[in-house]
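See structure below.
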Amino acid sequence: MDYQKIARQILELVGGKKNVISLTHCFTRLRFQLNDSKKADREKLLQTEGVISVVESSGQYQVVLGNKVTKIYDQLLPLIGELTQNKLSEPKVSLGVKILNAFAAIFTPIIPAIAASGMLKGILAIAVMIGNYYYQTDIKTYNTYTILHAASDAVFYFMPIILGYTAAKVFKAHEFISMIIGATLCYPSIVNLMASKTAVTLFAIELTKASYTSSVIPIILAVFILSYVQRFLENIIPEVLKIIMVPTFSLLIMIPATLLIFGPIGIYIGEFINWVYYFIMGVSPILLGAFIGGVWCILVIFGAHRAIVPIGINDVAQTGRQNLLAFAGAANFAQAGAAFGVFFKTKNKNLKTVAASATVTALFGITEPAIYGANLRLKRPMICAVICGAIAGGLMGWGGSYGNAFANQGVLTIPVYAEAGTKAFLCYLIGIGFAFFGSCIMTMIVGFNDIPNEETSKTMPTTSSTQLTSDTTIVSPVAGEVIALNQVKDEVFASGAMGKGIAVYPRVGEIVAPEDCTVTALYPTLHAIGLKLDNGIELLIHIGIDTVNLQGKYFQSYVHAGQHITKGTKLVSFDIDKIKQQFDLTTSIIVVNSDQYKHIEYCQQAQVSEKDDLLFIQV
């Protein structure tokens, strides 16, 4: 089948490129929005190779193609062109999820560098301890230590430059202009100006002084705004001048904006966090410990933890003790434990390697590899770490744990907290033990949506060659009212064009695996799932009619494409009450490869549960 040829024919028969406003696709059909649907030739479309049906519904012109839809869609995109592609709809997600996804995408590329730097820091910390305790030598005075320490710290010190590049990739801004903005923040003259006692002005406006080396928020905000500034400049500057003038004006606009606006925003966030710290301390040390133990690594994500580090430094200077890093230690050990849980739970070889390395570096106080390489990336381990870190921090607060120095929190600095006394030190030890093992066990129990190996297709059970050799029964994947397929208010399914099957109107918003199977497809809007049972039967479970228009809202998935699962595994959940206000929730269960079987019947019950027989397949 020539998919490119079919794509050209379909585009021509829907009225050509100029008649297409936008294009999306779901599990079975292309969904066009046309300027004039009368220009589309329905009869010729129906005669086109691969086209099963043509439907006009919900303001869309739908060309039903079955499981060939993604291949034809991919061929259509270059034919339609860039202008239309920019209009393609994407699944709608919450602002919080968008922010988390953006941060994960920004930090993921630098995980290897962070992991290597973290390991080097751990090795140097051990070397310093051995030199001090066994040889009474301070190796920090040696040139070798200075050079290796620089190598271990460079990725953190020049973080604005590195994040400038990765953020530009995410926000689609100019990578090197973004890096120049980050480099400006780290430039020695700027660092010295910010550290000086005299006022610093830009265009006669006094700047808020701040140290931007190792900072995170200013550069990410700057690149985010740069992406819009850049597009604006590209729209108004003549083509012949763009290559020079767009970068020039981008720098002239963004450097002052970053120093005048985004830098101060980071400072104000820090001052607010400082105020919250002292307020909570006044209310309850237990509450303070739980707060820091829970949110410390969330603050690390935004680089905001640096704003409260001076609190601990000041405490040591004034009283000779600090509890900030004791509570932060609970968070670090929790991140290490969660990463360790990921190591045991994941089947992905690359993720297993990252999680193992991240566990070690987190135990030495460097949590970035654990956060960005595993826990935040998978979301649920991060939640487990926050919960266990908060409980451990609360225990330390109750016990009065504190350290007699401002030392990086990890296994090597445990002796720092021994001076606090038996009760306080025991609470610290129990706290970090619970944080580590609690988050590890909790991660393994709660689980996460694992990342499939690249070679998944090679290691997956060989269902493709499995054929049904005897009559069998398939249980219902959803509980609800049974409806004959020809009664479904979607002519594509009702006509049997997609295959034989049955429909169920759900009474519970949950779809489970009817048998041991492989998830062959999970559409991004989560309204359709493709399964291949281990006996060779191929199922399409389509939740509702036109629910693709919800763009994933009210749906949640628990599996991913390519994953092999057992009978009863939850696939997708959805909010029945909210969806049924807008759409018909009739769920079609289709045997896609119906033509391979002699006869397919469905149960005669009015209602079914998830364990009741639904379809009977005769070989």
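The values are calculated or read from the model by the stated rules, or taken from the named source; none is laboratory data. Computed from a predicted model, the values in this text were never measured in an experiment. Note that we place each Cβ from the backbone using ideal geometry, even for glycine, and neighbour counts take in every protein chain shown. Surface accessibility is based on the protein's heavy atoms, side chains included, excluding ligands, DNA and RNA. Shrake-Rupley method; radii C 1.70, N 1.55, O 1.52, S 1.80 Å.
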Residue 227: open to solvent by 20 Å² or more (accessible area, probe 1.4 Å) and either under 29 Å from residue 156 (Cβ atoms) or at pLDDT below 90 (or both), yes or no? no
Take residue 223 and decide whether it is in a helix (DSSP H, G or I), under 12 Å from residue 173 (Cα atoms), among the β-branched types (Val, Ile, Thr) and more than 31 Å from the chain's Cα centre (by Cα). no
Matching entry among 198, 248, 258 (being modelled with pLDDT of 90 or more, open to solvent by 40 Å² or more (accessible area, probe 1.4 Å), under 22 Å from residue 173 (Cβ atoms) and not in a strand (DSSP E or B)): 248
Which members of region 495-546 meet the condition of being part of a strand (DSSP E or B) and among the small types (Gly, Ala, Ser)? 501, 503, 521, 528, 530
Run residue 481 past the list (1) closer than 17 Å to residue 449 by Cα; (2) surrounded by fewer than 21 Cβ atoms within 10 Å (Cβ to Cβ) and report the number of the one that doesn't hold. (1)
Among 163, 193, the single one that is touching a helix residue (DSSP H, G or I) at 6+ places or on another chain (Cβ under 6 Å), of a type in the set (A, V, I, L, M, F, W, C), in the same structural domain as residue 257 (by the TED database) and assigned to a helix (DSSP H, G or I) is 163
Some residue of region 402-418 being at pLDDT 90 or above, touching a Phe, Trp or Tyr at 6+ places or on another chain (Cβ under 8 Å) and not assigned by the TED database to the domain that holds residue 155: no
Only one of 424, 392, 418 is within 23 Å of residue 445 (Cβ to Cβ) and either touching an Asp or Glu at 6+ places or on another chain (Cβ under 7 Å) or of a type outside the set (Phe, Trp, Tyr) (or both). Can you tell me which? 392
Given the conditions (1) in contact with a helix residue (DSSP H, G or I) (Cβ under 9 Å, 6 or more places away or on another chain); (2) over 18 Å from residue 496 (Cα atoms), report the number of the one that residue 543 does not fulfil. (2)
Can you pull out every residue in region 576-618 that is in contact with a helix residue (DSSP H, G or I) (Cβ under 9 Å, 6 or more places away or on another chain) and assigned to a loop (DSSP other than H, G, I, E, B)? 582, 583, 584, 585, 586, 592
Name every residue in region 546-584 that is of a type in the set (Ser, Thr, Tyr) and under 22 Å from residue 475 (Cα atoms), in order of residue number. 557, 558, 566, 569, 573
Return the residue satisfying two criteria in turn: it lies in region 590-619 and is open to solvent by 20 Å² or more (accessible area, probe 1.4 Å) and under 33 Å from the mean Cα position of the chain (by Cα), and of such residues it is nearest to residue 514 (Cα to Cα). 610
Search region 594-609 for residues that are farther than 18 Å from residue 508 by Cβ and pair each with any residue that is among the polar types (S, T, N, Q) and part of a strand (DSSP E or B) when their beta-carbon atoms are under 7 Å apart and the residues are at least 6 apart or on different chains. 597/618; 598/618; 599/618
Output the residues belonging to region 1-34 that are under 22 Å from residue 525 (Cα atoms), assigned to a loop (DSSP other than H, G, I, E, B) and modelled with pLDDT of 85 or more. none
Of all residues making up region 434-479, the number that are modelled with pLDDT of 80 or more, farther than 12 Å from residue 342 by Cβ, in a loop (DSSP other than H, G, I, E, B) and of a type outside the set (A, V, I, L, M, F, W, C): 2
List the number of the failed condition for residue 525; all other conditions in (1) modelled with pLDDT under 90; (2) over 28 Å from the mean Cα position of the chain (by Cα); (3) over 19 Å from residue 593 (Cβ atoms) hold. (2)
Taking residue 587 as the residue in question, decide whether it is under 16 Å from residue 480 (Cβ atoms), at pLDDT below 90 and open to solvent by less than 50 Å² (accessible area, probe 1.4 Å). no
From 268, 187, residue being open to solvent by 30 Å² or more (accessible area, probe 1.4 Å) and within 30 Å of residue 397 (Cβ to Cβ): 268
Quick test of your reading of the structure: residue 32 fulfils all but one of (1) free of Cβ contacts under 8 Å to residues at least 24 places away in the same chain; (2) open to solvent by less than 10 Å² (accessible area, probe 1.4 Å). Name the failing condition by number. (1)
Inspect all residues belonging to region 148-162 and state whether any of them is touching an Asp or Glu at 6+ places or on another chain (Cβ under 6 Å), closer than 23 Å to residue 225 by Cα and open to solvent by less than 20 Å² (accessible area, probe 1.4 Å). no
Hey, any hits in region 498-519 for a residue that's surrounded by fewer than 22 Cβ atoms within 10 Å (Cβ to Cβ), hydrophobic (A, V, I, L, M, F, W, C) and under 19 Å from residue 62 (Cβ atoms)? no
What's the number of the condition residue 571 fails, among (1) open to solvent by 50 Å² or more (accessible area, probe 1.4 Å); (2) touching a residue at least 24 places away in the same chain (Cβ under 8 Å)? (1)
Picking from 97, 93, the residue that is at pLDDT below 85, surrounded by fewer than 16 Cβ atoms within 10 Å (Cβ to Cβ) and closer than 21 Å to residue 300 by Cα would be 97
So the check is Cβ under 6 Å with 6+ separation or different chains; which pairs have a first residue in region 207-231 that's of a type in the set (Lys, Arg) and a second one that's open to solvent by 10 Å² or more (accessible area, probe 1.4 Å) and part of a helix (DSSP H, G or I)? 209/194
Flagged in region 377-388 as assigned to a helix (DSSP H, G or I), open to solvent by 10 Å² or more (accessible area, probe 1.4 Å) and modelled with pLDDT of 80 or more, in numbering order, are 378, 380, 382, 383, 386, 387
Out of region 523-558, which residues are closer than 24 Å to residue 613 by Cα and open to solvent by 30 Å² or more (accessible area, probe 1.4 Å)? 532, 534, 535, 538, 558
